[in-house]
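What follows is a short report on a single structure.
The values are calculated or read from the model by the stated rules, or taken from the named source; none is laboratory data. No experiment lies behind these values; they were computed from the predicted model shown. Here the Cβ is made from the backbone with ideal geometry for all residues, glycine too, and neighbour counts use every protein chain on show.
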Amino acid sequence: MTWLIVALAVILLCFSGVLLVGAPYLPTLTPQVAAALELAALRPGETLLELGCGDGKVLIAAAQQGYRAVGYELNPILAAVAWLRTRRYRRLVRVVCANFWTTEWPPTDAIFTFLLPKYMNKLDTIIAQNVQKPVKLVSFAFKLPDRPIDDEKAGVYLYNYGLKAKN
């Protein structure tokens with residue numbers, strides 16, 4: 001019985017602990033995944049970085065379109081699930097169990113996130129300060145408070161860094 005209590009405590013800690021630095025796990029809906037990839041407008045071989053990859057759904061959709069994808073996930077249980085789900089696409093997908101706030105990101109062409117509003121300014125600052133080439137941010141549900149939206153589809157918002165804004 002003790003092992004069950006310990007297991008439940010570990011699971012609770014894994015799922016609630018991420019609230020201190022990011023967002024709880026909520027799966028991205030299929031229409032929003034499609035909208036995000038459409039807005040990102042990547043070409044095969046380009047890279048999508050997902051901040052908080054959860055169960056790997058967006059990573060799989062990106063790989064199915066020929067994109068490379070790197071997903072960061074702080075929750076070790078979800079990172080393991082994402083890793084297992086994306087094994088079929090291992091040449092295109094990498095899952096990293098780490099805190100994306102404290103880890104150096106690989107070069108990327110687009111970033112996808114489903115992050116809580118209280119973290120959006122911090123994300124904007126990090127991207128703006130570290131962009132070395134044009135990159136797109138695609139955010140599901142939540143807007144950047146101080147940056148104009150370049151495009152929107154199905155509750156997914158596109159922001160361009162280092163690119164000309166859409167007319």
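Below is a table of values for the structure above.
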{"quantity": "Residues (among the aliphatic types (A, V, I, L, M) and at pLDDT below 95) located in the range 34-77", "calculated": "L74, I77"}
{"quantity": "Residue selected from the range 68-103 under the condition of a type in the set (F, W, Y) and under 12 Å from E50 (Cα atoms), by the criterion surrounded by the most Cβ atoms within 10 Å (Cβ to Cβ)", "calculated": "F100"}
{"quantity": "Residues being outside any loop (DSSP other than H, G, I, E, B), of a type in the set (A, V, I, L, M, F, W, C) and in contact (Cβ under 8 Å) with a residue 40 or more places away in the chain - total across the range 63-80", "calculated": "2"}
{"quantity": "Cβ-Cβ under 6 Å pairs, at least 6 apart or on other chains, the range 121-137 side surrounded by 15 or more Cβ atoms within 10 Å (Cβ to Cβ), far side among the polar types (S, T, N, Q) and part of a helix (DSSP H, G or I)", "calculated": "none"}
{"quantity": "Residue in the range 137-156 that is at pLDDT below 95 and outside any loop (DSSP other than H, G, I, E, B) present", "calculated": "no"}
